[in-house]
Amino acid sequence: MNYSDIDNTKTGERKLRVAHERLSFLLENAPLGFIEWDNQLHIKYWSKRAQEIFGWGEKEFIALQKDGYKQVFEDDLPWVSKIADELISGKIDRNTIQHRNYKKDGSVIWCEWYNSVLKDEAGQVVTVLSLVQDITERKKAETALIRSEEKYRAIVEQVTDAFMALDKNWCVVYLNKQAGEMIQQDTDTIIGKNVWEVFPGAVDSSIYIALHQAMKAQSHICKIDYYKPLDLWYEIHVYPSAGGLSIFIRDITEMKKAEQQKEFDSNNLSGLINNTEDQMWSVDCDLRLITSNNAFDDVIKLISGKPLFKGEYMISAQFTEDQQNRFPDYYKRALSGETFNIIEHVTYPEELWHEISFNPIGGQHSIIGVACFSRNITARIKSERSLKQMEHQILNQKVQEQKKISRAIIRAQEKERNHLGQELHDNISQIVVTAKIFLSTTGYKNEEMKELIKYPMELLEHSIREIRLLSSSQVTPFKDFDLAELVGLQLNKLSENSAIKTAFEYHVNQDGINDDLKLNIYRIIQEQINNIQKYADPKNVSISIDADQDNTMIVTVDDGNGFDVNKKRSGIGLSNMINRIESFDGKIDIKSSPGHGCKIVVTIPNNTLATA
């Protein structure tokens, strides 16, 4: 042996020692316990993490002459022994199992085992290697989930719509009784089958494509379709999850047939409804105009100077602000199945009274819109007023319930804003950056081309900055975020992008207000800062947030242009801010006048969500 061979041998030994040290370090510091057994399941090696899981040290476990079987929970021992025998005998090379084990203190835990074997040259098992983790908390969660699922199944069985659950392999995992009745099959014979084998006629149909898109994009879909083999019109709502799809199906066959009949009679009805001075119109579930007669169209033109077209949102600028606030509630009442009348009083273009009736279109479980009839009762009202003074009854609205709905809408809007912001940042921004990179390569070696693309490159760079700015304004965390930090960032941006001096004071216990309230306070301040940037042109802006045991107060002061608080404004920024404040039972006080800046004081009770 020469010196070169000796050096190579020592080098190999050093590498082997380093590798062994690294492996030992990984085994001792891994989140899973590592145990090495002989072919009789006696301990050969027991890692520090294994000791933490079970309580025994390696020497202690060996001294007690324990083997792998003695720590298995007695009820699980028969089947665990059988699986272990298959492993030790060499019938299988590896397995993954979950069972209960005893700890040193006698308590029982659930463990997940990842086992594999090492064999000698003769194929005999000499060593069993095990990775183990404590999954007791996971098992408790699974048990709670099973109980929750049982409650969920009971609820699903009570709903009137058909319900079907599919796993990610398109196999039917659950159908309720209504689904079986709808498809005219025994639900027990369908469970476990591939849905496209059960409904072969739906393969490659529009609903087939829609369900695959929902599964792939993990997005909700709502669709109306026709299944010819069952002569069935249905409305389907699909809610995807990582495990598959939850599908609600409503039989709307009768409704569709009624629609077809209505379409058949529409020409005759058109002549009838247009030969009256009474106004008639109908809206769909999204409050968009379905149809109207000439009398209604004439009144809209008289009020606004332009018509309201079919498919347009009913609550638009053609109506007064008061009507825009009230009429959505009327339509929602009718869409819930209620038939009722109201008396509508208008003063423009002349003082008139109309009796308006709201009538649901469709049955109790398939309301598709609202039909409205308005009759001019001005003569009757004036006659009655000459005899006696009318007592006007004000409908008592369930204000707090409406505010809960508003808060739910705000939360949904925040999720959508976050989603849009993330899409802008993760997708649109990356596309523009990629376009910029590819464009820059065009003029890499061509000076003439480089000069030609200089301005487009500047536009792309500006677009990237704008997208990122818009994305950051949309995305906010939902939980455990620092309100003071977010507001401070907004004021810093204001100072960096202008000559405005800012001041900020924050006197709030971090745990004093909940995340929903913090998020809405942030959005309110964000709207105030936007309005200041757009209209105020101030030199100084100060914001303070103070909270005591009962209320949180936000005070925003600027020395800008100011405005007339009594003058009607067309922008929606202040309206959105007021809606947010009122949805949390808050109050807003605005003090301003032209040329004297503005002070806005917002007071919101801290316990708003506690009663939600």
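The values are calculated or read from the model by the stated rules, or taken from the named source; none is laboratory data. Since this is a predicted model, take the numbers as computed values, not measurements. When we count neighbours, we look across all protein chains shown, and the Cβ atoms used for this are built from the backbone with ideal geometry, even at glycine.
Residues ILE315, ILE290, ILE343: which one is over 30 Å from HIS365 (Cβ atoms), assigned by TED's automatic domain parsing to the domain that holds PHE358 and in contact with a Phe, Trp or Tyr (Cβ under 9 Å, 6 or more places away or on another chain)?
The match here is ILE343.
Taking region 194-221 as the search range and keeping residues that are within 24 Å of TRP233 (Cβ to Cβ) and charged (D, E, K, R), which one is surrounded by the most Cβ atoms within 10 Å (Cβ to Cβ)?
Looking at residues that are within 24 Å of TRP233 (Cβ to Cβ) and charged (D, E, K, R), I get GLU197.
Consider region 68-80. How many of its residues are part of a helix (DSSP H, G or I) and exposed (fewer than 15 other Cβ atoms within 10 Å of the Cβ)?
2
Mind telling me which of the residues SER583, SER570, SER542 ends up being out of contact with any Pro (no Cβ under 7 Å at 6 or more places or on another chain), modelled with pLDDT of 90 or more and small (Gly, Ala, Ser)?
Every option except SER542 fails the conditions.
What do you reckon, is LYS518 at pLDDT 80 or above and assigned to a helix (DSSP H, G or I)?
For LYS518, the condition - at pLDDT 80 or above and assigned to a helix (DSSP H, G or I) - is met.
Every residue in region 311-332 that is within 31 Å of the chain's Cα centre (by Cα), outside any helix (DSSP H, G or I) and not acidic (Asp, Glu), please.
GLY311, TYR313, MET314, ILE315, SER316, ALA317
For region 144-179, which positions are polar (S, T, N, Q), at pLDDT 80 or above and over 18 Å from ALA242 (Cα atoms)?
Scanning region 144-179 gives ASN176, GLN178.
Output the residues belonging to region 549-564 that are touching an Asp or Glu at 6+ places or on another chain (Cβ under 8 Å) and not β-branched (Val, Ile, Thr).
MET553, GLY560, ASN561
On the phi > 0 side of the Ramachandran plot and either at pLDDT below 90 or outside the structural domain of ASN576 (by TED's automatic domain parsing) (or both): is that true of ASP548 in this structure?
no
Under 8 Å between Cβ atoms, at least 6 apart or on separate chains: pull out the pairs that start in region 585-600 with a residue that is in the same structural domain as VAL541 (by TED's automatic domain parsing) and end on any residue that is outside any loop (DSSP other than H, G, I, E, B) and of a type in the set (Asp, Glu).
Listed pairs, sorted by first residue: GLY597/ASP558; CYS598/ASP558; ILE600/ASP589.
Quick one: count up the residues across region 56-95 that are farther than 19 Å from LYS119 by Cα and either hydroxyl-bearing (Ser, Thr, Tyr) or at pLDDT 90 or above (or both).
12
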